[in-house]
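Report on the following structure.
The values are calculated or read from the model by the stated rules, or taken from the named source; none is laboratory data. Keep in mind that what you see is a predicted model, and the values were worked out from it rather than measured. Here Cβ is always computed from backbone atoms with ideal geometry, including for glycine, and neighbour counts include all displayed protein chains.
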Amino acid sequence: MDSSAEDGGGPPTALAQGPGSQVPASQSPAAQGPGSQVPAVPGQRTAARRGPAPAESKSQTPEPRRPTDGVAVATLVSGLVPAIPVTLVLGPMALIRIGRSGARGRALAITGLVLAGLWTVAAAIVAAAIITRPPPPKPVTLPRVFSLRPGECLDSGTNGISGLQVLSCSQAHDAEVFATFQVAGPHYPGATALQQQARQGCASRLSGYLNPQLSAASLAQSFVYPDAGAWSAGERTVVCTVRSTSGPLVGSVRSAPG
C-alpha cells in the first residue's frame, strides 16, 4: 500500500531528525519576518546587542595663572623693613590696581598695611614710655671727708668739709681723724638719730686713740655723718676727728709728747 494513502494523502511528516538533517525553511532565521526573535538553541551563546559607543570627552584647557601685582609685593616688603610712609602709599595703590586688573596679591598688600599699622603702634608706645619716664637721678658727689682714714690730718678751710685739705700732721692743722665706723640700717634714720649714734660711737673710740700723756682738757671731738643725700647714695660712714680748743694742732695727738 502506498504510504501517502495511509497518511491521508498528505506529504510525509518528519518525525525525527538525525545528525546532518536540515532545518525546514519555515524555521530558519532568514524566513522569519522583521522583529521576530530567534529561539535560543541550547549550548549556544546569544550575542548581546551593544548600544552606540559613547563619544570621547574633549580635553579641557587649564585656565592660565593670574600674575601677582608687583606693587602688592613692594607693599609687603616695605611693611617688613619697616618703611611706614612708603607702605601707606603703596598699599592703597596696590588694592586699586588689583581691583581693576584682577591680578593676585591682595593678601600681600593687606599684610603690608597691617604690618605698617603694628609698627606705628609700637613706635607710639615707645615714644610714650620715653616721654613719661622720669629723668634719671643726678649722681651724688660725696664729700671727700668720707674717704679719710684714721691718722690723717686736715685743714677745713673756709668752705667747711667741702673745702678740706689733707696735710702732713707735722704741719699746723685744724683736726686729726682718729676713727671711722659704719652705721647700720636699711632706711635713713634722720639727722637727730644719726647725730646721737655718731657722738656715742666717736666718744667710745677717742680714749683708745689719744696719747695718754696729752691733756684731754684742751681737745674736743667732732664728727661728720652722712645726710639724706649721701645716705641714698649708699654712704654709711661716720668720720671722727679731734681738734684743739686753744689753736691749731702741730703733730699727731696719737704720738705727740706730753
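Take the conditions hydroxyl-bearing (S, T, Y), part of a loop (DSSP other than H, G, I, E, B) and more than 30 Å from R254 (Cβ to Cβ) and apply them to T141. Does it pass? Here the answer is yes, as T141 does meet what is asked.
This table checks each residue for (1) in contact (Cβ under 8 Å) with a residue 24 or more places away in the chain; (2) outside any loop (DSSP other than H, G, I, E, B); (3) in the same structural domain as V239 (by TED's automatic domain parsing).
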| site | (1), (2), (3) |
| --- | --- |
| L108 | yes, yes, no |
| V121 | no, yes, no |
| A128 | no, yes, no |
| S170 | yes, no, yes |
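Residues that are surrounded by fewer than 18 Cβ atoms within 10 Å (Cβ to Cβ), in the same structural domain as G208 (by TED's automatic domain parsing) and on the phi > 0 side of the Ramachandran plot do not occur anywhere in region 142-149.
Every condition in (1) touching a residue at least 60 places away in the same chain (Cβ under 8 Å); (2) surrounded by fewer than 16 Cβ atoms within 10 Å (Cβ to Cβ); (3) more than 41 Å from the chain's Cα centre (by Cα) holds for Q165 except the one numbered (1).
Restricting region 223-247 to residues that are out of contact with any helix residue (DSSP H, G or I) (no Cβ under 8 Å at 6 or more places or on another chain) and in a strand (DSSP E or B) leaves a set whose member that is farthest from Q171 (Cα to Cα) is T241. Criterion first (small (G, A, S), on the phi > 0 side of the Ramachandran plot and either outside the structural domain of P150 (by TED's automatic domain parsing) or not in a strand (DSSP E or B) (or both)) does G208 satisfy it? When the stated conditions are applied, G208 does not pass them.
In this structure, is Q196 surrounded by fewer than 17 Cβ atoms within 10 Å (Cβ to Cβ), within 55 Å of the chain's Cα centre (by Cα) and not in a loop (DSSP other than H, G, I, E, B)? Yes; evaluated as a whole, the condition is true for this residue.
Inclusion of R133 among residues that are surrounded by fewer than 16 Cβ atoms within 10 Å (Cβ to Cβ) and either among the hydroxyl-bearing types (S, T, Y) or at pLDDT 90 or above (or both) is not warranted.
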